1. Find all pairs meeting these conditions: Cβ atoms under 7 angstrom apart; at least six residues apart or on different chains; first residue within region 98-119 and at positive phi and part of a strand (DSSP E or B); second residue surrounded by 24 or more Cβ atoms within 10 Å (Cβ to Cβ) and among the acidic types (Asp, Glu).
2. Return the only residue of Ile76, Ile69, Ile56, Ile83 being modelled with pLDDT of 95 or more, in a loop (DSSP other than H, G, I, E, B) and of a type in the set (Val, Ile, Thr).
3. Gly95: in contact with a Ser or Thr (Cβ under 7 Å, 6 or more places away or on another chain) and modelled with pLDDT of 95 or more, yes or no?
4. Do you know which of the residues in region 151-176 that are free of Cβ contacts under 8 Å to residues at least 60 places away in the same chain and exposed (fewer than 11 other Cβ atoms within 10 Å of the Cβ) is farthest from Asp114 (Cα to Cα)?
5. How about region 42-82: which of its residues are crowded, with 18+ Cβ neighbours inside 10 Å, closer than 20 Å to Ser97 by Cβ and in contact with a Ser or Thr (Cβ under 9 Å, 6 or more places away or on another chain)?
6. Name the single residue that is surrounded by the most Cβ atoms within 10 Å (Cβ to Cβ) among those in region 12-32 being part of a loop (DSSP other than H, G, I, E, B) and modelled with pLDDT under 95.
7. Look through region 120-137, keep the residues that are touching a residue at least 12 places away in the same chain (Cβ under 8 Å), farther than 17 Å from Pro49 by Cα and more than 12 Å from the chain's Cα centre (by Cα), and return whichever of them is surrounded by the most Cβ atoms within 10 Å (Cβ to Cβ).
8. Being surrounded by fewer than 18 Cβ atoms within 10 Å (Cβ to Cβ) and either among the hydroxyl-bearing types (Ser, Thr, Tyr) or without any contact (Cβ under 8 Å) to a residue 24 or more places away in the chain (or both): is that true of Gly143 here?
Amino acid sequence: MFLWSILKTSCTRSAVNKRPAVNASPLIFLARAGLIDLLKLAGTPVVVPAPVAGEILSRGPHDPAAQVIERSSWIIVVEPPPIPEIIMAWDLGKGESSVLAWAYMNPGTEAILDDLAGRRCAATLGIRVRGTLGLVLTAKKRGKIAAARPIVERLRHSGMYLSDRVVDEALILVDE
């Protein structure tokens, strides 16, 4: 039920601050699938905290996500603020923590992340959040793609795990 509410709000909320902060997994999955432009739907420029950029760049220069970070003028790498205790208490990874710290210290920022614990932390702190699947739903709602299912399947073939139940529930939100 929690996931359903996240999917629903990520599809229906509009961004207040047009500088979303993104974690590694959305960048990795979208880049692998050749769908990185979907990230622009959250707003531009897109903020990538330095720990997230470091994680991705360590994958090597031939990694699609590393190439996106290095070549995209609409992505900016920033030093995140110190992680507040309230976020540290969630014991998240460096990437999730730095994205949430950025969003927490920059009210109105939308956090783009897939990690469930990170999404729960964001919800607790009142941080707007959307995941990779939410970007696909947004693209469908805005008429940027004709159908969400083929895009979701492309992401799955690129390594993103999504259960059939989650996919079915998400597609209902966009009348598929």
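The values are calculated or read from the model by the stated rules, or taken from the named source; none is laboratory data. Keep in mind it's a predicted model, so treat the numbers as computed, not measured. In this analysis, Cβ positions are derived from the backbone assuming ideal geometry, glycine residues included, and neighbour counts consider all displayed protein chains.
1. none
2. Just one listed residue meets the conditions, Ile83.
3. Considered against the rule, which asks whether it is in contact with a Ser or Thr (Cβ under 7 Å, 6 or more places away or on another chain) and modelled with pLDDT of 95 or more, Gly95 comes out as no.
4. Restricting to residues being free of Cβ contacts under 8 Å to residues at least 60 places away in the same chain and exposed (fewer than 11 other Cβ atoms within 10 Å of the Cβ), the top hit is Asp175.
5. Scanning region 42-82 gives Ala42, Val46, Val47, Pro49, Pro51, Val52, Ile75, Pro80.
6. Arg19
7. Leu137
8. Yes; evaluated as a whole, the condition is true for this residue.
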